[in-house]
Amino acid sequence: MNNLATIFAVGLHHYLVLGAVLFVSGVLTILTKRNAIGILIGVELVLNAACLNLVAFNRFSHGSGTALDGQIFALFVIVLAAAEAAVALAIFLNFYNNLGTVDVERASDMGEK
Amino acid sequence: MPTCLAQLDFTTVATGVLFYALAAVVALSAVGVVVSTNIVRTAACLLFALVGVAGLYVLLSAEFLAAVQVVVYVGGTLILIIFGVMLTSKSAALTTGARRGEVAVACIIGAVMLACLTLILLRTTFTSDPMDPAAPYPVVALGTALLGNYLIPFELISVVLLVVMIGAAYLAKARRGDR
């Protein structure tokens, strides 16, 4: 009974371990994908892991009063992730227009062909 | 980790069950993102991961962030990514995954990283000071903080968004313009 209660009482560590799983998945996606957009998706996963950790810390060890610093940081991270995705996709479109592919292994030079 | 000595009350069990369900969705989708070789499937897996994280935000009593997550990530960033996939879909060899050697190296790096992170996390004791559920409604406090202590970052980030919007439009258009 006591054991069961410990399993169901979700604490900070549960969220942090899930955040670690998300982070490692994102890093692996960045490492293994050859499609530039796939790499962008990996970056989004990493940023989401960071957000999840921030919100979890805000919920479980947030200091005093009604401090919401973690949630506000997560909000800023979400906004910056959206901005980053827009710029990255613009760069990928440019890349695609120049080379006709989004395979990152073909991205070996920055200039015009 | 907080240890409940007494009986199981309904809220604890419900929260636990919800957490494990959402965590399973998020973790499986994240693994799906890693292993799928088709870029459209990767994007679909990302969708489920993002929605799962939004659900976790609700469990963490961050309802506003959950709404922002769904609106900005699922409604904005993911649509942007899918548009990117469609605009670059003529590109050949999109479905080829990584090479065998790369996969092996990536697996080793991932396993070591995950083991280290989990070990460090589980061996650390954090100061537990849970947020009071009876505190003033978080959205109100969030708004007050954004226009109070965080006013300058808030204004700066709106400038960043404007600059990024103009820059992205210019970057995406410039090449086609001079052809």
Checklist entry - If we count every other residue with Cβ under 12 angstrom of A:GLU105's Cβ, Lys/Arg +1 and Asp/Glu -1, where does the sum land? => result +2
Checklist entry - Residues of B:117-129, mean number of Cβ from any other protein chain within 10 Å of their own Cβ, rounded to a whole number? => result 4
Next on the checklist: I need the peptides B:162-172, A:30-40 ranked by packing, meaning the mean over residues of other C-beta atoms within 10 angstrom, with the highest value on top.
Outcome noted: A:30-40, B:162-172
Checklist entry - Using unit Cβ charges (K, R positive; D, E negative) and no other charged atoms, how large, in debye to the nearest 20, is the dipole of the protein assembly as shown about its Cα centre? => result 1000
Checklist outcome for this item: Note: the protein assembly as shown, point scatterers on Cα, Debye, no solvent; log10 I/I(0) at q = 0.07, 0.10, 0.12 Å⁻¹ equals -0.30, -0.60, -0.83
Next on the checklist: If each DSSP helix of 4+ residues adds -39,500 (n - 2.57) and the sum is divided by the residues in chain A, what number results at 222 nm, nearest 500 deg cm²/dmol?
Outcome noted: -26000 deg cm²/dmol
Checklist entry - Once amide H atoms are built 1.01 Å from N in the peptide plane, which residues 5 or more positions from A:SER61, or in another chain, come under 5 Å H to H? => result B:ASP129
Next on the checklist: Could you give each residue of region B:105-115 its phi-based ³J(HN,Hα) in whole Hz, using Karplus coefficients 6.51, -1.76, 1.60 with θ = phi - 60°, and x for Gly or Pro?
Outcome noted: 4, 5, 4, 4, 4, x, 5, 4, 4, 5, 4
Checklist outcome for this item: Averaged over residues of B:40-47, the number of beta carbons from other chains lying within 10 Å of each residue's Cβ is 3
Checklist outcome for this item: If the chain between B:ILE120 and B:LEU162 were fully extended at 0.36 nm per residue, the gain over the current Cα-Cα distance would be 11.1 nm
Checklist entry - Which helices of chain A meet both criteria: a Cα extent of 20 Å or more along the helical axis and a mean Kyte-Doolittle score no lower than 1.6, with helices taken as whole DSSP H segments? => result A:12-32, A:36-60
Checklist outcome for this item: Here the net charge surrounding B:GLU102, from other residues whose Cβ is less than 15 Å away from its Cβ (Lys, Arg +1; Asp, Glu -1), is +2
Next on the checklist: Could you tell me the calculated FRET efficiency between A:ALA107 and B:ASN38, based on Cβ-Cβ distance and R0 = 22 angstrom, to the nearest 0.05?
Outcome noted: 0.55
Checklist entry - Listed highest first by mean packing, meaning other Cβ atoms within 10 Å per residue, what order do A:71-79, B:9-17 come in? => result A:71-79, B:9-17
Checklist outcome for this item: Here the whole-number average of other chain Cβ atoms within 10 Å per Cβ of B:100-108 is 2
Next on the checklist: I need the phi-derived Karplus couplings for region B:73-83: 6.51 cos²θ - 1.76 cosθ + 1.60, θ = phi - 60°, integer Hz, Gly and Pro marked x.
Outcome noted: 6, 6, x, x, 4, 5, 5, 4, 5, 5, 4
Checklist entry - When the scattering of region A:27-86 is computed by the Debye formula from its Cα atoms alone, each counted once and equally, what is log10 I(q)/I(0) at q = 0.21 Å⁻¹? => result -0.78
Item to check | Size-normalised alpha-carbon gyration radius of region B:139-179, reference 2.2 N^0.38 Å | outcome: 1.81
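Read-outs: derived from the displayed coordinates by stated rules, not from any lab. Worth saying up front: this structure is predicted, and the values here are computed from it rather than measured. Please note: Cβ atoms are built from the backbone with ideal geometry, for glycine as well, and neighbour counts cover all protein chains shown.
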